[in-house]
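J.: Pasting a structure here, questions to come.
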Amino acid sequence: MKLKLLLVSLLSVLLFSCQDDAAQREIEQQKQAKKSEAIFNTISNGWIFDIAPVNPATQSKINSWNEWRVFLNEINQKPKSSIGAFQKKAKVLSQKVVELNNNIPAEFNKPQVKARISVITTKVKSMDLFIHLNQIPDNKVVKLVGEINMEIEYLQLQLEEIVTRSQIPREEGEPDLIKMKDTARAIPSAPEVPVQGQTKGIINSKLFQKK
């Protein structure tokens with residue numbers, strides 16, 4: 001009889017313990033769900049890429065830059081369903097931004113443009129890193145979204161400036177003058193060669209100095 005009571009008591013303790021564990025797990029799951037929902041809402045509300053179009057003259061020159069067009073197309077498509085959708089989009093952008101260094105139109109294939117692309121690449125990769133952490137720093141992700149927006153704007157302004165400068169008419173004869181300067185700079189100055197008849201005089205002068 002005592003053994004039965006002991007077994008019943010043990011079973012009761014185990015049952016209540018399991019119920020407590022289940023209740024605790026449910027509470028933790030609810031907390032995690034609320035936290036995940038808050039992170040999703042923060043990122044969703046802050047994931048705003050507002051890319052202004054460049055002027056028509058610049059646009060006509062970057063139409064052949066397929067990598068840039070694909071990147072902008074990806075960045076303008078906002079995820080909606082879940083935090084996983086944002087993570088997937090960040091990964092795609094991280095891949096596409098690396099390709100921006102390919103097939104840059106000759107007019108824009110300059111150090112200042114590549115420097116701008118490098119900054120955008122760093123920001124996008126940082127966003128991709130943060131959004132894939134177990135504990136997502138949602139505020140940092142949103143901050144990076146704003147910085148990427150700004151860096152894209154700076155790059156587009158750089159492209160427009162290059163186009164504007166190329167359209168400034170040069171003064172008559174300026175291109176020829178520039179070519180002459182470049183040619184003069186490219187040809188090293190030749191050492192002076194004494195004229196025939198002067199060599200003897202130069203030698204005698206040196207002998208006289210030695211005496």
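J.: Would you call Lys80 touching a Pro at 6+ places or on another chain (Cβ under 7 Å), touching a residue at least 12 places away in the same chain (Cβ under 8 Å) and closer than 19 Å to Asp50 by Cα?
T.: Values: touching a Pro at 6+ places or on another chain (Cβ under 7 Å): no; touching a residue at least 12 places away in the same chain (Cβ under 8 Å): yes; closer than 19 Å to Asp50 by Cα: yes.
When the stated conditions are applied, Lys80 does not pass them.
J.: From Gln87, Gln59, which residue is surrounded by 10 or more Cβ atoms within 10 Å (Cβ to Cβ), modelled with pLDDT of 95 or more and under 18 Å from the mean Cα position of the chain (by Cα)? Give the derivation first.
T.: Values: Gln59 fails: under 18 Å from the mean Cα position of the chain (by Cα).
Just one listed residue meets the conditions, Gln87.
J.: For the structure I just gave you, tell me whether Ser36 is in contact (Cβ under 8 Å) with a residue 40 or more places away in the chain and either of a type outside the set (A, V, I, L, M) or surrounded by 12 or more Cβ atoms within 10 Å (Cβ to Cβ) (or both). Give the steps one after another, and end with the answer.
T.: Numbers: in contact (Cβ under 8 Å) with a residue 40 or more places away in the chain: yes; either of a type outside the set (A, V, I, L, M) or surrounded by 12 or more Cβ atoms within 10 Å (Cβ to Cβ) (or both): yes.
Against the criterion (in contact (Cβ under 8 Å) with a residue 40 or more places away in the chain and either of a type outside the set (A, V, I, L, M) or surrounded by 12 or more Cβ atoms within 10 Å (Cβ to Cβ) (or both)), Ser36 qualifies.
J.: With the requirement that a residue be under 21 Å from Lys61 (Cα atoms), part of a helix (DSSP H, G or I) and not hydrophobic (A, V, I, L, M, F, W, C), what does segment 88-117 give you?
T.: Residues satisfying the conditions are Lys96, Glu99, Asn101, Glu107, Pro111, Gln112, Lys114, Arg116.
J.: Something else: Kindly indicate which of Val142, Val113, Val98, Val54 is farther than 23 Å from Val163 by Cβ and either in contact (Cβ under 8 Å) with a residue 60 or more places away in the chain or buried (at least 18 other Cβ atoms within 10 Å of the Cβ) (or both). Even if it seems obvious, please write down each step before you answer.
T.: Details: Val113 fails: farther than 23 Å from Val163 by Cβ; Val98 fails: either in contact (Cβ under 8 Å) with a residue 60 or more places away in the chain or buried (at least 18 other Cβ atoms within 10 Å of the Cβ) (or both); Val54 fails: farther than 23 Å from Val163 by Cβ.
Result: Val142 is the single residue among Val142, Val113, Val98, Val54 that is farther than 23 Å from Val163 by Cβ and either in contact (Cβ under 8 Å) with a residue 60 or more places away in the chain or buried (at least 18 other Cβ atoms within 10 Å of the Cβ) (or both).
J.: Now for a separate question. Answer yes or no as to whether Asn139 is at pLDDT 95 or above and touching a Ser or Thr at 6+ places or on another chain (Cβ under 8 Å). Spell out the reasoning first.
T.: On the way: at pLDDT 95 or above: yes; touching a Ser or Thr at 6+ places or on another chain (Cβ under 8 Å): yes.
Here the answer is yes, as Asn139 does meet what is asked.
J.: Tally up the residues in segment 126-139 that are aliphatic (A, V, I, L, M) and in contact (Cβ under 8 Å) with a residue 12 or more places away in the chain, please.
T.: Step one: of segment 126-139, the residues aliphatic (A, V, I, L, M) are 127, 129, 131, 133, 136.
Still in the list and also in contact (Cβ under 8 Å) with a residue 12 or more places away in the chain: 127, 131, 136.
Total satisfying the criteria: 3.
The values are calculated or read from the model by the stated rules, or taken from the named source; none is laboratory data. Computed from a predicted structure; not experimentally measured. Counting neighbours? That spans all protein chains shown, and the Cβs are built from the backbone with ideal geometry, glycine included.
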